[in-house]
1. Pulled fully out, how much extra length does the chain show between B:Ala78 and B:Arg134, if you take 0.36 nm times their separation in residues and subtract their Cα-Cα distance?
2. Could you pull out every residue, at least 5 positions away or on a different chain, whose amide H is within less than 5 Å of the one on A:Tyr71? Hs are placed 1.01 Å off N in the peptide plane, and Pro or chain starts have none.
3. Using amide H atoms built in the peptide plane, which far-off residues or other-chain residues are under 5 Å from A:Val152 H to H?
4. Work through the residues other than A:Gln87 whose Cβ is under 10 Å from its Cβ and net out their charges, Lys, Arg +1 and Asp, Glu -1.
5. Just name one of A:Val136, A:Gly187, A:Ser149: the one whose Cα is farthest towards the positive end of the charge dipole of the stretch A:62-215 (beta-carbon charges, Lys/Arg +1, Asp/Glu -1).
6. Can you work out ³J(HN,Hα) from phi for every residue in the stretch A:24-30, in order, using Karplus 6.51 cos²θ - 1.76 cosθ + 1.60 and θ = phi - 60°, giving whole Hz and x for Gly and Pro?
7. Residue by residue through the stretch B:244-254, what is 3J(HN,Hα) from phi via Karplus (6.51 cos²θ - 1.76 cosθ + 1.60, θ = phi - 60°)? Round to whole Hz and write x for glycine and proline.
8. Here is the link list: B:Lys381/B:Lys420; B:Lys20/B:Lys131; B:Lys224/B:Lys340; A:Lys29/B:Lys144; A:Lys130/B:Lys131. Which ones come out longer than 19 Å on Cα distance?
Amino acid sequence: MRNCVLRELGRIRYGEALAIQQQLAAGRKQGLVPDHLLLLEHPHVVTMGRNGHAENLLAGPEIMARAGIEYFPTDRGGDVTYHGPGQLVGYPILDLREWKRDVGAYVRAIEQTLIDTLADYRIAAGRIPKLTGVWVGERKIAAIGVHLSRWVTSHGFALNVTTDLSYFQYIVPCGLSKPVTSMAALGVRATWEEVGRRLAPHFARNFECEMTAQVPELAALESEN
Amino acid sequence: MTDVVMPQMGESIVEGTLTKWLKKPGDRVERDEPLFEISTDKVDTEIPSPAAGTLSAVLVEEGATVAINTVVARIDEAGGAAAAPATAAAAVQPPAPPPAPPATPAPAAAPEPAPAAESESLGPLSPLVRKMAREHNIDLARVKGTGAGGRITKSDLEAYLASAAPAPAAPAPPPAAPAPVAAPAPPPAAPAMPPLPPAGQAKTRIEPLSTMRIKIAEHMVLSKRTSPHVTTVHRVDMTKVARMRERYKAQFQANYGFSLTYLPFITRASAVALRHFPLVNSSLDGNNIIYHNEINIGIAVALENGLIVPVVRGADERNVLGLQRSIVDLAGRARSRQLKPEEVTGGTFSITNFGSYGSLMGTPVINQPQVAILGVGTVDKTPVVIDDAIAIRSICHISLSFDHRLIDGALADQFMTKLKQVLENWSEEVL
């Protein structure tokens, strides 16, 4: 069974997490590092996907800057989205050649992981045909946007745990004028860290891998800095 | 020649959208170097080149969705680098921003500062790099190129952006627009907004404008820009009309199911005055005056978050009952959003009745391409002096905003005097 390293990065700025992702993805392409799942939370940031439409950004970068929200154009798929405190963000860095060479299957497995995790909290979530992401009724609870380079994945998913949903007003999430929701809004009292720990085993099962803690020597190396 | 095809990205995936060419025809490309990007189901994928050589033909445009295994490009392995198109450097200057219309009193939107002239010294730049530089407002002269011959690549820009990330490149404040001559003081170019506190609870709420609101906003600005507005106000004694109204109110309610208001009287008086002064019922088209033979009066109706001006056609051919019936019908259907498009167009004059909200008098904005609009204030019992005696009369302040390009104050006041005369000496039957 393949190994997947689980790394919890805590609250980390979007740009910093992006640098870690890029470093890991580059290493993964060359076979220098194993698969990874990064779990983290971002400070307020609005990111724009490669195929994003500026009209889905309802406030200019200057207005957002005044509201303490960073703006970041990225190379992931999908349109505009918001990340912020209370949102569980997961960035899987996987080499899909070792699992399935199938982007459709990849996205479906991410969605299934989120659906399984929400089921642990008795939230019945599901898919809406033709729309990516995970939904509770007509409300979007988790967003997905992926970048793939030589079958190595980056970017990933964002699950609203205790997210302050009022921040979504700055955007039309993923270009869809559908409402958003969060686990807290549905009555769940849990932190994003707790939900992340629940999610890891579901991720392992859906991607047929074994979750391992960070490689000790790597961790030691980083803690020296 | 090597064919480059749309790759199969998964079992259930039969097509892909080509979102971006990372190379252009004539570019040298290495084997495994990213050549284009595709998008399938929220997954963006960089596709590496299957061979080294020159990109000789691009067969699928950005944005097109094609079936898997469709040939999207051809690569010529036989070098051919000398054939690099000569147009690369010169052709791709960003288009100049359109010149601001000279007569605009509002501060003209300052053109975005161009991303520092793409001087030839930077060497050829790919469209992607140019686009990124424009989008992020990057001065390319400050970016270190690591590509062939010091050329700036996409990753150089990404590295530059990452290093500059803490300060998201805010565009330089636009230069203050020159103050228009004799215009009312324009707002400063960049309205100073107090900085919002970071994070925590959101302190503002942002909401996109409704389509109706956008239309109204555009129309108001257009009107103020088109017509020099002047407003004249006349005090009108509505006592006779008020008596008329009192006498017929109950009968209207009983026989027709609607009340009798002041508005049909004022509409009727407007129609009479418009017949006397046809210039007020005209439009200006370049250097021509268009006189309208029909008198079609728009009545402003307030909606929940906007307003609409349905038109009473042939207003001069109706009596007070007919006018009241039209107004009730149009206003009702305006509020339930059931007006037909032809019912809100073709007006030749407008009336707005802000008096029903308690306003004493106002200065309405002309409904283009008309040249005047009547504003009706509230009707109040007021002590007035008549023949050196104080009397209690029903007084209404009626204003007329007119387009001073076409109508002078003298004409406007003659029009108002006529209107006032009709209302103060009401003699027509209402039924």
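1. Values: separation 56, 0.36 × 56 = 20.16 nm, distance 3.43 nm.
Roughly 16.7 nm would be gained on extension.
2. The answer is A:Val46.
3. Those lying under 5 Å, H to H, from A:Val152 are A:Leu96.
4. Working: positive: none; negative: A:Glu41, A:Asp164.
Once positives and negatives cancel, what remains is -2.
5. A:Val136
6. Values, residue by residue: 5, 5, 4, x, 5, 4, 8 Hz.
7. So the J values, rounded to whole Hz, are 4, 5, 4, 5, 9, 3, 5, 5, 4, 4, 6.
8. Numbers: B:Lys381/B:Lys420 17 Å; B:Lys20/B:Lys131 11 Å; B:Lys224/B:Lys340 27 Å; A:Lys29/B:Lys144 26 Å; A:Lys130/B:Lys131 30 Å.
Over 19 Å Cα-Cα: B:Lys224/B:Lys340; A:Lys29/B:Lys144; A:Lys130/B:Lys131.
Taken together, the values in this text are just the output of simple stated rules run on the coordinates, not laboratory data. None of these values were measured; they are calculated from a predicted model. A quick note on method: Cβ atoms are made from the backbone with ideal geometry, for glycine too, and the neighbour counts reach across all protein chains shown.
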